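Here the structure is laid out as structure tokens; the discussion comes afterwards.
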Amino acid sequence: MSKLALLGGEKTVKIDYETAGNLPCVNEKGLETAVDLMRKGQISTSPLVKEFEKRFAEYIGTEYGLCSNNGTSSLHEALFAAGVGPGDEVIVPSYTFWATAGPIVSAQGNPVFADVDKETYNLDPKAIEKNITSRTKAIMVVHVWGNPADMDAIMAIARKYNIAVIEDCSHAHGAMLNGKKVGSIGDLGCFSLQASKTMPGGEGGILTTNNREYFERAVALGHYERLADLPEDSDYRKYSLTGMGYKYRIHPIAVALASSAFDELDERNEIRNRNGKALEKGLEGIDCIIPQKVLDGAVRQYSYHFATYDETKLDNIPLEVFLKALKEEGVACGFCGYGRLHKAPLFTERDNFRHVELPVTEYLATHTFMMAPRFEKECPELIDQYIEAYHKVVNNADELKEYAAKNEDLNAAANISGRSINLL
Ligand SMILES: Cc1ncc(COP(=O)(O)O)c(C=O)c1O
């Protein structure tokens, strides 16, 4: 058995990810379109914005699309559109980026954190129903790591209680459930176009909906200059001097970049998915690694590749030590960072905050990890080296256990819930 790189052996992953597996986040067409906009002086508004909104909404399967300056603003718009206001409760997971819940505060609502499913990492419909009160106005669903949530069950609950559903699709551009794209299943969808996403504009967001009233309210919140374009009978045209006090317009250059990335989205998703599945296939039989479960009827996108580490299946070797060994082999892996929002002072210091126990979320916060970077290109040799590295680390559990015993500081770190590394 070859010696672990951690203990002085040869590193397994020798192929450079940046050359073999990654792509520049801006493609050539994006660069050209951005320069063209600058030459034309379209650096604040541009017809490209509405063109892109139309194309993206058609792709998702909604009547309306609305760009904004980031995904966080789109989420604020969606909450305002759904009528969330002072004292209203919004059910939301804690296993997500802060911006899923932060805008609930901006909308003057109260986030109510609900637990997630241990296998899909997405909101657990049973936990949603348990948390519904007469104040519940919306459910904020995240398709975390590109994996569609159980929208059938969630929509059934929402319809039963007459509550709006907002989908945070920031990780899930192009993901589908039962033939429908995420972002068209709930009442509103929101997609981040930030640089680390699969349709990057640098900073930007896009909201999707089939509901005219919701669209017009979203426009009213952050796009005063577009209110005059609404139909004559719109209730919101009267706000065109001021909007609602926010200015959420997207930079046209972000649209140039995102719309060029959008042209390649399906093709890129296919490659990423093939690569993600190849890695998981190669790791079958390693029982300390449990891949994120995908629901029947769902097409997930491997926009991010996370899994659960079960230390009880590997001699109780802490995740810290496991990841350190993988990193030394050349695997780009890391901790999660999600699952701590229900303890964040932004929320807990608020009046009426509902303190909750979220055992599954807390487990996932300390047991999920990033397995690999996004493989953007066909790179079978690189993926094979990743697979080999994982097998090597697992097959050297005895040495690793000894290493863990000698490195108590790493073990101690394993007991701190919510590690500091956050990719986003
Ligand atoms: C799940 C999730 N929601 C919302 C956002 C917010 O998007 P943005 O960074 O574009 O504001 C992000 C982006 O990082 C995210 O990952």
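What follows is calculated from the coordinates using simple rules that are stated; it is not laboratory data. What you see is a predicted model; the values in this text were computed from it and never measured. Cβ placement follows ideal geometry from the backbone for every residue including glycine, while neighbour counts extend to all protein chains displayed.
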Problem set entry | Debye log10 I(q)/I(0) for the stretch 28-263, one point scatterer per Cα, at q = 0.07, 0.12, 0.18 Å⁻¹ | -0.21, -0.61, -1.33
Exercise. Against the longest principal axis of the chain, how steep is helix 151-161, in degrees 0 to 90 to the nearest 10, with axes from Cα atoms?
Worked result: 40 degrees
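Place a +1 charge on the Cβ of each Lys and Arg in the chain and a -1 charge on the Cβ of each Asp and Glu, then give the dipole magnitude about the Cα centre in debye, rounded to the nearest 20. Mind dumping the intermediate values first?
Values: 46 positive and 60 negative charges, 157 e Å.
My answer is approximately 760 debye.
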For this session: Can you tell me the 0 to 90 degree angle between the C-alpha axis of helix 265-282 and the longest principal axis of the chain, rounded to 10?
Result: 30 degrees
For this session: Write out the trypsin sites (Lys or Arg not before Pro) in the stretch 69-160 meeting two conditions: DSSP loop, and at most 13 other Cβ atoms within 10 Å of their Cβ.
Result: ARG135
Problem set entry | Table column - 3J(HN,Hα) (Hz), the stretch 365-370, Karplus curve with 6.51, -1.76, 1.60, x for Gly and Pro | 4, 9, 10, 8, 8, 7
For this session: Rank VAL360, LEU319, HIS342 by how far each Cα sits towards the positive end of the charge dipole of the stretch 314-370 (+1 on Lys, Arg Cβ; -1 on Asp, Glu Cβ) and give me just the farthest.
Result: HIS342
Seminar exercise, completed: Note on the chain: contact order normalised by length, alpha-carbon pairs under 8 Å, 6 or more apart, percent, works out to 22 percent
Exercise. How much net charge surrounds ALA78 when only the other residues with a Cβ under 11 Å from the Cβ of ALA78 are counted, with Lys and Arg +1 and Asp and Glu -1?
Worked result: -3
Problem set entry | Under the Debye formula (equal points on every Cα, no solvent term), log10 I(q)/I(0) of the chain at q = 0.11 Å⁻¹ | -0.84
Exercise. According to a simple spin-label model (label point 7 Å from Cα along Cα-to-Cβ), what is the distance in nm between ASP398 and LEU241?
Worked result: 8.2 nm
Problem set entry | Spatially proximal aspartates and glutamates relative to LYS238 (Cα-Cα < 15 Å; intrachain offsets below 8 disregarded) | GLU213, GLU216, GLU225, ASP229
Seminar exercise, completed: Along the stretch 205-211, Karplus-curve 3J(HN,Hα) (6.51, -1.76, 1.60; θ = phi - 60°) to the nearest Hz, with x for Gly and Pro, reads x, 9, 9, 10, 6, 9, 9
Problem set entry | Nearest-ten-degree value, helix 252-263 long axis tilted from longest Cα axis of the chain | 60 degrees
Exercise. If each of VAL294 and GLU357 carries a label point 7 Å out from its Cα toward its Cβ, how far apart are those two points in nm?
Worked result: 3.5 nm
Exercise. Hey, can you rank 273-282, 82-91 by average C-beta count inside 10 Å, highest first?
Worked result: 82-91, 273-282
